[in-house]
Every structure is written in structure tokens, then in C-alpha cells.
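Q: What follows is a structure written as C-alpha cells; I'll ask about it next.
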Amino acid sequence: MKIAVVQGSARSKGDTFTILQAFKAYIDFDVFDLKKYNIGYYDYNHQQNDDFLSLMKALVKYDLIILATPVYWYSMSGRMKVFLDRITDCLKIEKETGRQLRGKGMAVISCSNSNDLQPDFDKPLSLSAEYLGMNYQGHIHCWIESKISDEVLNLIRNFSTNLISVNKNQG
């Protein structure tokens, strides 16, 4: 199973990156750091000359796409939101790429500095997966106060084990 993580942080080596490093103990994945890509806002005229479509063409080669985002103002990061908005391009002008998302897995990792995530944080993400015909495989919220707690490490281990199990059963 090939796993891609799309990291949508303002800091490439921030807390979300630290959480992803903890995940590496349980699952192997390639990281696509949105900060390293030039991705413009959605344009109804589809006039962007940026990295979005090349990134999507790389991502559709994976079985599971995990979206990793810090929590900014009770929601996903702006980078992640722009990325999700641009998936519309795969439904309008790059339909073949969009069709390749069907049947793939999607999961979400969120990260903040406390365990106080608002209910339904992942609702826009799970609904997007459903709309795209992807298999939504859940969300985990992690937090770092001064370091990753044992509680969060246990959540990471359990979530990773579940992802592996679900994808073995689907593949």
C-alpha cells in the first residue's frame, strides 16, 4: 500500500511535522509539503499556471492520501483549504485525474497545542472525500503541549494500526 501525506502547515518543521515523525514509527509514507508548492486560489476560468495539477497527478498514484493540517481558528489551515478548493479543477478541466481519486482512501491528521478540537472539525474533509468517491478512513487529532504525550502516542499507534487494517481489507 502506497501512502501519501499532504502537509498543509505554515511551518514545514513545526508541530504537524513532529506528529508526522511519530507516525513514521508505524507506517511508511511520502510527504508532500504544500508550502513547497506554488498553488493559487481557485479560479472559475481555470487560468492558473502553478503546481497544482502536477501535484495531483503525483498523488493519484497512491492508495491512501492523508491530509495533515494544523488547526488554525477552529479549522484546517488556509493552505489545506486552498488545496481542497483546487480539487474542483480535477472535476472540471482535468477530469481523468479526478476520476483516479475514486476508490482511494482519505484520512485526516489535525494538530494543535491542546486537546480541545471543536466537534465536526473534519466534516468538510469527510464530505469532500464522499463527494470525490473516496473512502474516508477517519480523523485523528493530536496535540503537543511541550512534547508528544504518551496519550497522543497511543492514539497515533491505534490510528496507524486501524489504517493498515482497513487498507489490507480493501486491497
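Q: If packing is taken as the average number of other Cβ atoms within 10 Å across a peptide's residues, how do 132-138, 21-27, 66-72 rank, most packed first?
A: Going by the mean number of other Cβ atoms within 10 Å, highest first, we get 66-72, 132-138, 21-27.
Q: Do the sum for the chain: with -39,500 (n - 2.57) for every DSSP H run of n ≥ 4, divided by all residues, what is the mean residue ellipticity at 222 nm, to the nearest 500 deg cm²/dmol?
A: Taken over the chain, the calculation gives -11000 deg cm²/dmol.
Q: Evaluate the relative contact order of the chain (contact order divided by residue number), counting alpha-carbon pairs under 8 angstrom at least 6 apart; express in whole percent.
A: 25
Q: Counting only other residues whose beta carbon sits under 13 Å from that of Gly103, what net charge do I get with K and R as +1, D and E as -1?
A: +1
Q: Rank by packing, highest mean first: peptides 144-151, 13-20, with packing defined as the count of other Cβ atoms within 10 Å averaged across residues.
A: Taking the mean over residues of other Cβ atoms within 10 Å, the ranking is 13-20, 144-151.
Q: With +1 on each Lys and Arg Cβ and -1 on each Asp and Glu Cβ, and nothing else charged, work out how big the dipole of the chain is about its Cα centre, in Debye to the nearest 20.
A: Using only the charged Cβ atoms, the result is roughly 400 debye.
Q: In Å and from the alpha-carbon atoms only, list the Rg and Dmax of the chain.
A: Radius of gyration, then largest Cα-Cα span, for the chain: 15.4, 49 Å.
Q: Here is a follow-up. For the chain, how many pairs of lysine residues have a Cα-Cα distance under 14 Å, where the two are 8 or more positions apart or belong to different chains?
A: Lysine pair count for the chain: 12.
Q: Could I ask something else about it? Place +1 on the Cβ of every Lys and Arg and -1 on the Cβ of every Asp and Glu in the chain, take the dipole about the Cα centre, and give the residue among Phe52, Val152, Pro124 whose Cα lies farthest towards its positive end.
A: Phe52
Q: Determine the sum of side-chain charges near Cys90: Lys and Arg each +1, Asp and Glu each -1, restricted to other residues whose C-beta is under 10 angstrom from that of Cys90.
A: Neighbourhood net charge equals +2.
Q: Amide H of Leu67 versus every other amide H placed in the peptide plane: which residues, excluding those fewer than 5 positions away on the same chain, fall under 5 Å?
A: Val6, Ala107, Val108, Ile109
Q: Next question, about the same structure. Per residue of the range 3-15, in order, report the coupling 6.51 cos²θ - 1.76 cosθ + 1.60 (Karplus, θ = phi - 60°) as ³J(HN,Hα) in whole Hz, putting x for Gly and Pro.
A: 10, 10, 10, 9, 9, x, 9, 6, 10, 4, 10, x, 5
Q: Going 7 Å from the Cα of Glu151 in the Cα-to-Cβ direction, what parts of the range 102-117 have a backbone nitrogen less than 17 Å from that spot?
A: Once the point is set 7 Å along Cα→Cβ of Glu151, 110-117 turn out to lie under 17 Å by backbone N, inside the range 102-117.
Q: Continuing with this model, one more query. Please report how far the C-alpha centroid of the range 92-171 lies from that of the range 47-67, rounded to the nearest whole angstrom.
A: First find each Cα centre; the distance between them is then 17 Å.
None of the figures in this text is laboratory data; all of them are computed from the coordinates on show. Source: prediction; values computed, not measured. Virtual Cβ from ideal backbone geometry, glycine too; neighbours counted across all protein chains shown.
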